[in-house]
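Single-structure report; data block below.
The values are calculated or read from the model by the stated rules, or taken from the named source; none is laboratory data. Since this is a predicted model, take the numbers as computed values, not measurements. Cβ atoms come from the backbone with ideal geometry, glycine included; neighbour counts cover every protein chain shown.
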Amino acid sequence: MASSKNGTLKGKPEIGIVIKDDYAGYPLNMFCVPKHYEADLTDIMIPAGLINDRIERIARDIVQDIIPQENQGIVVLCVLKGGYKFFADLLDKIKQLNRNSEESIPISIDFIRLQSYKNDKSQGSIQVIGGDRLENLKGKCVLVVEDIIDTGGTMIKLKELLAKHEPKCVKVASLLVKRSARNCGYKPDCE
Ligand SMILES: O=P(O)(O)OC[C@H]1O[C@H](OP(=O)(O)OP(=O)(O)O)[C@H](O)[C@@H]1O
């Protein structure tokens, strides 16, 4: 969980789990990997179990910090395509907590499709190539769910776009934040 200039979550560490530059990962033969990927991989950097456990904690922090302030409900906005799996897993965990806590709020979902990558490189210009009607976000608290921040361009563009539709607030959860010289300094609220 991270804090940012535009939406600090109380009492949380400054950044999520940091993978150091010299981290070697785990040997490939310790895990089941689809045959057709084997030739392209050297190590497993982040085992699925770690991702799952981290998502559980991100969900708990969101429920504790965002949900109590937003009793009108929140809209969880999935950034397609990359964000779909993190979105589905995070939403499951948020809903589970929301079902079982003393206070609960209505949660709705929306989708937007943006594209910045060409092959495996972020290309700089971000295009909206599909999604729901953003007018529906007016006055709502929006939790954007993204898989990875690389240059930060996609999130900056999306936040500018969302602001035009006057949401009450916008928070961003990203599973990964790439350490990159090309990052423009953008930090999500949760990572
Ligand atoms: O921080 P940035 O440099 O802007 O890059 C991050 C974005 O790039 C990827 O999406 P992509 O454009 O590849 O679209 P996809 O999710 O549909 O594959 C990723 O899912 C993020 O949305």
Between residues in the stretch 151-174 that are within 20 Å of Gln115 (Cβ to Cβ) and residues that are of a type in the set (Phe, Trp, Tyr), which pairs lie under 6 Å by C-beta distance while being six or more apart or on different chains? Gly152/Tyr186; Met155/Tyr186; Ile156/Tyr186
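Just to check your reading of the model, which residue among Val172, Val128 is modelled with pLDDT of 95 or more and either more than 8 Å from the ligand (Cβ to nearest atom) or in a helix (DSSP H, G or I) (or both)?
Val172
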Taking the stated definitions as given, is Ser116 among the small types (Gly, Ala, Ser), more than 14 Å from the chain's Cα centre (by Cα) and in a loop (DSSP other than H, G, I, E, B)? no
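Every residue, every condition in (1) exposed (fewer than 13 other Cβ atoms within 10 Å of the Cβ); (2) at pLDDT below 95; (3) in contact with a helix residue (DSSP H, G or I) (Cβ under 6 Å, 6 or more places away or on another chain), yes or no:
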| position | (1), (2), (3) |
| --- | --- |
| Ala2 | no, yes, no |
| Lys5 | yes, yes, no |
| Thr8 | no, yes, no |
| Glu14 | yes, yes, no |
| Val18 | yes, yes, no |
| Arg54 | no, no, no |
| Val63 | no, yes, yes |
| Gln69 | yes, yes, no |
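Every residue, every condition in (1) among the hydroxyl-bearing types (Ser, Thr, Tyr); (2) in contact (Cβ under 8 Å) with a residue 24 or more places away in the chain, yes or no:
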site	(1), (2)
Ala39	no, no
Ile46	no, yes
Gly49	no, no
Arg60	no, yes
Asp65	no, yes
Val76	no, yes
Ser101	yes, yes
Ser108	yes, yes
Arg133	no, no
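If the requirement is being more than 16 Å from the ligand (Cβ to nearest atom), within 21 Å of Leu134 (Cα to Cα) and hydrophobic (A, V, I, L, M, F, W, C), which of these qualifies: Ile107, Ile94, Ile62?
The match here is Ile107.
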Select from the stretch 80-109 the residues that are in a helix (DSSP H, G or I), of a type in the set (A, V, I, L, M) and out of contact with any Lys or Arg (no Cβ under 7 Å at 6 or more places or on another chain) and write down the one among them that is surrounded by the fewest Cβ atoms within 10 Å (Cβ to Cβ). Ala88
Residue match in the stretch 92-102 (condition: more than 18 Å from Lys140 (Cα to Cα) and hydrophobic (A, V, I, L, M, F, W, C)): yes
Being over 21 Å from Arg54 (Cβ atoms) and either buried (at least 20 other Cβ atoms within 10 Å of the Cβ) or small (Gly, Ala, Ser) (or both) is the filter here, so list the residues in the stretch 168-188 that pass it. Val170, Ala181, Gly185
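Only residues that are assigned to a loop (DSSP other than H, G, I, E, B) and within 13 Å of the ligand (Cβ to nearest atom): list them for the stretch 152-166, please.
Matches in the stretch 152-166: Gly152 only.
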